[in-house]
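The values are calculated or read from the model by the stated rules, or taken from the named source; none is laboratory data. All figures in this text were calculated on a predicted structure; none of them were measured in a lab. Using ideal geometry, Cβ is built from the backbone for each residue, glycine included, and neighbour counts are taken over all protein chains shown. Remember, those area values only see protein heavy atoms, side chains included, never the ligands or the DNA or RNA. Shrake-Rupley method; radii C 1.70, N 1.55, O 1.52, S 1.80 Å.
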Amino acid sequence: TAGSSTAEQPRFYYDFASPESYLVAERALHALGTVPEWIPVDLDGLPAFRCAEEVMSYREDIERRAAALGVMPVRWPDPFPAEDLRWATLAATYAKQIGRGVAFSLAALRQAFAAGRDLSVRDNVLIAAAACEMHPAAVIKGAELAGTARALDEARERAAADGVEAVPAVWIDGRVLPGDREIPD
């Protein structure tokens with residue numbers, strides 16, 4: 001009808017480098033009251049650290065926030081921050097294409113920040129895949145498809161079009177809620 005509009009599904013943009021993505025992922029459904037579209041992107045979701053003290057301060061802050069939110073305690077992957085998470089993000093993109101994106105991504109974030117596993121190690125990514133009944137051979141093949149890489153590039157373009165500059169971020173009703181502190185408890 002004229003003058004009426006339907007709200008678009010909220011979008012949750014995240015990456016596997018960001019422990020804040022883990023904090024949002026653990027409560028996105030409850031906090032938003034609806035299931036957002038989960039969109040993996042390879043934006044750097046970490047602040048620029050100038051020294052080891054800043055890394056420690058950041059880690060302590062994340063641990064406090066996780067405890068306050070009642071999510072699983074943070075166990076840090078070694079190294080943190082991880083070196084190269086592109087393959088893990090491609091695996092998440094493939095999982096999204098086959099309808100397993102939320103399950104896989106939540107399992108991967110838990111592997112990284114609740115189990116302390118480095119997602120730049122393929123076997124750790126495949127553990128997350130196994131947790132949501134994805135066959136390792138299919139994940140390996142799917143992550144390496146040109147179409148998966150294109151879908152990841154399109155996700156980055158969509159994030160930019162939505163005004164997302166860093167992750168995690170939730171796009172809802174035309175506005176961006178950046179970081180985990182913007183998401184309602």
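Brief remarks follow.
- Residue match in the range 165-185 (condition: assigned to a helix (DSSP H, G or I), open to solvent by 20 Å² or more (accessible area, probe 1.4 Å) and modelled with pLDDT under 95): yes
- Residue count, the range 125-164 (criterion: surrounded by fewer than 16 Cβ atoms within 10 Å (Cβ to Cβ), out of contact with any strand residue (DSSP E or B) (no Cβ under 7 Å at 6 or more places or on another chain) and either within 21 Å of Leu106 (Cβ to Cβ) or of a type outside the set (A, V, I, L, M) (or both)): 13
- Meets criteria (of a type in the set (Val, Ile, Thr) and outside any helix (DSSP H, G or I)) for Val74: yes
- Matching residues, the range 20-36, being outside any helix (DSSP H, G or I) and closer than 12 Å to Ala169 by Cα: Pro36
- Every pair of residues 6+ apart whose Cβ atoms lie under 7 Å, when the first sits in the range 96-123 and is free of Cβ contacts under 8 Å to residues at least 24 places away in the same chain while the second is open to solvent by less than 40 Å² (accessible area, probe 1.4 Å): Gln111/Leu119; Gln111/Asn124; Gln111/Ala128
- Set Ala68, Ala48, Ala91: member being among the small types (Gly, Ala, Ser) and surrounded by 13 or more Cβ atoms within 10 Å (Cβ to Cβ): Ala91
- Any hit, the range 95-109, residues being among the hydrophobic types (A, V, I, L, M, F, W, C), buried (at least 17 other Cβ atoms within 10 Å of the Cβ) and not in a helix (DSSP H, G or I): no
- Residue list for the range 123-153, restricted to those being in a helix (DSSP H, G or I), closer than 13 Å to Arg100 by Cβ and out of contact with any helix residue (DSSP H, G or I) (no Cβ under 6 Å at 6 or more places or on another chain): Ala130, Ala138
- Residue check, Val121 more than 13 Å from Pro40 (Cα to Cα), β-branched (Val, Ile, Thr) and surrounded by 12 or more Cβ atoms within 10 Å (Cβ to Cβ): yes
- Consider the range 1-55 and keep the residues that are β-branched (Val, Ile, Thr) and touching a Gly at 6+ places or on another chain (Cβ under 9 Å). The one that is modelled with the highest pLDDT is Ile39.
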